[in-house]
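The values are calculated or read from the model by the stated rules, or taken from the named source; none is laboratory data. Here the structure is a predicted model, which means the values were calculated and not measured. All Cβ positions, glycine included, derive from the backbone under ideal geometry; neighbour counts span all protein chains shown.
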Amino acid sequence: MTPEIETNAKLARLLEPRGLGRYRGYGEMLAAIDRLGHRGATVAEVGKSVRGEPLLAVYLGERTISSRTRTTVILSGVHPIEWIGIEAHLSLLDRLAGADLGERAVIAFPIVNPDGVRQVEHNLREGRRRFVRHNARGVDLNRNFDARWHDRGISQRLLPFIFASGKHPSSEPEVLAIAHALSARRIDRALSLHSFGGAVLYPSAATLWPIPDRAEHRAWARKIARAADDKPYRATSCATWAKGFTSGGLELDWFHDRHGAVSLLVECSRGGIGPRPSRLFQPFAWFNPPALEEVAERLADAFMPFARGMKL
Ligand SMILES: [Zn+2]
């Protein structure tokens, strides 16, 4: 942990008066991950970000790994401004650390894009209203996975700077570290937590064609969508949700196409603009609701049966 992170005042004290919610800063997120280590989890560094931050994986459940060990993988912080996904993830890990996982293994990557998260925190502390989507090299990590990477959808062709997919599949250290850490695993459940939009999405992102195991995906998506909020989230395929704007290189397709997992991408919450138009000009508020604890706890409960590998 760098001195700069340690000496910073709690971010929540700056955000709360602005109506942005009591969000934790990067140093506090790391401390929360570290605390999981005292509750039976193994926390390991699996790589370094472009700027040298640790890429952390949290291991829970079965430790004797064979090629048959069923594994759940959870990601968040792929897009660095989507902090409610990280908060929901940490709540979920808190529950999983206290649960009997039987013979299941769980591997979690709570902060996939640490350089971006630090940039977002820096902007918040400086009062800069900036939208941050990329890693430190300007790549959208959720276009860099090795799944139909060459299939550029219209949005990627029209807006190559926003949806920058990198030089080649897994060209970014953050994505490569995940691929290496999971290379010998039998992954049957995958969950990636983004925001916002209140939706549970399933493959494909790259094509409008239905996947062969669509029924199982749709059933899980609907179950989680109902449990996520009093007004249920939408449950649909990613390409349908994006109004037909297909995209290659998503983690959602990578877990499904490469690993054979039931793979879900959740757009957590409905954002935080609500009745306060002043928040319209604060990108952080687009993605993150002020009532973070309430949203994160409810989502963690909604994700538990899926993450634990229970049957429908
Ligand atoms: Zn996202």
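Collect the residues in the range 240-260 that are crowded, with 23+ Cβ neighbours inside 10 Å, more than 13 Å from the ligand (Cβ to nearest atom) and closer than 11 Å to Tyr202 by Cα, keeping them in residue-number order. Selection gives Asp253, Phe255, His256. Going through (1) crowded, with 21+ Cβ neighbours inside 10 Å; (2) modelled with pLDDT under 90 one by one, Trp149 falls short only on (2).
Of the residues making up the range 34-52, those that are closer than 18 Å to Val106 by Cβ and of a type in the set (D, E, K, R) are Asp34, Arg35, Arg39, Glu45. If Asp188 satisfies every condition in (1) assigned to a strand (DSSP E or B); (2) surrounded by 22 or more Cβ atoms within 10 Å (Cβ to Cβ) but one, which is the exception? Answer for Asp188: the failing condition is (2). Scanning the range 91-114 for residues that are touching a Pro at 6+ places or on another chain (Cβ under 8 Å) and away from the ligand (no atom under 16 Å from the Cβ) yields a count of 1.
Here is a check on your reading of the model: is Val78 crowded, with 24+ Cβ neighbours inside 10 Å and within 16 Å of the ligand (Cβ to nearest atom)?
yes
In the range 97-131, what residues are touching a residue at least 40 places away in the same chain (Cβ under 8 Å) and of a type in the set (Asp, Glu)? Passing the criteria: Glu103, Asp115, Glu121. Would you check which residues across the range 258-278 are more than 17 Å from Glu294 (Cβ to Cβ) and among the basic types (Lys, Arg) and list them? Selection gives Arg258, Arg276. Just one residue in the set Asp188, Asp146 is under 30 Å from Arg70 (Cβ atoms) and in contact with a Pro (Cβ under 7 Å, 6 or more places away or on another chain); that residue is Asp146. Taking (1) touching a residue at least 12 places away in the same chain (Cβ under 8 Å); (2) away from the ligand (no atom under 16 Å from the Cβ); (3) of a type in the set (Ser, Thr, Tyr) in turn, Ser66 satisfies each apart from (1).
The C-beta contact set for the range 132-161 (first residue free of Cβ contacts under 8 Å to residues at least 24 places away in the same chain, second residue more than 16 Å from the ligand (Cβ to nearest atom) and of a type in the set (D, E, K, R), distance under 9 angstrom, 6+ apart or interchain) comprises Pro160/Arg152.
Evaluate the following for Ala31: is it closer than 14 Å to Ile107 by Cα and either surrounded by fewer than 19 Cβ atoms within 10 Å (Cβ to Cβ) or not basic (Lys, Arg) (or both)?
no
Scanning for something in contact with a helix residue (DSSP H, G or I) (Cβ under 7 Å, 6 or more places away or on another chain), closer than 19 Å to Lys10 by Cα and within 16 Å of the ligand (Cβ to nearest atom), does the range 29-38 turn up at least one residue? For the range 29-38, residues in contact with a helix residue (DSSP H, G or I) (Cβ under 7 Å, 6 or more places away or on another chain), closer than 19 Å to Lys10 by Cα and within 16 Å of the ligand (Cβ to nearest atom): absent. The residue pairs whose first member lies in the range 290-312 and is farther than 15 Å from Ala108 by Cβ and touching a residue at least 60 places away in the same chain (Cβ under 8 Å), whose second member is of a type in the set (D, E, K, R) and in a loop (DSSP other than H, G, I, E, B), and whose beta carbons are closer than 8 Å, counting only pairs six or more residues apart or on different chains, are Leu292/Arg22; Glu293/Arg22; Arg298/Asp229. Checking Ala205, Ala177, Ala136, Ala199 one by one, the residue that is at pLDDT 95 or above, within 14 Å of the ligand (Cβ to nearest atom) and surrounded by fewer than 23 Cβ atoms within 10 Å (Cβ to Cβ) is Ala199 and no other. Looking at Phe145, is it within 16 Å of the ligand (Cβ to nearest atom), assigned to a loop (DSSP other than H, G, I, E, B) and over 30 Å from Phe281 (Cβ atoms)? Answer is yes for this residue.
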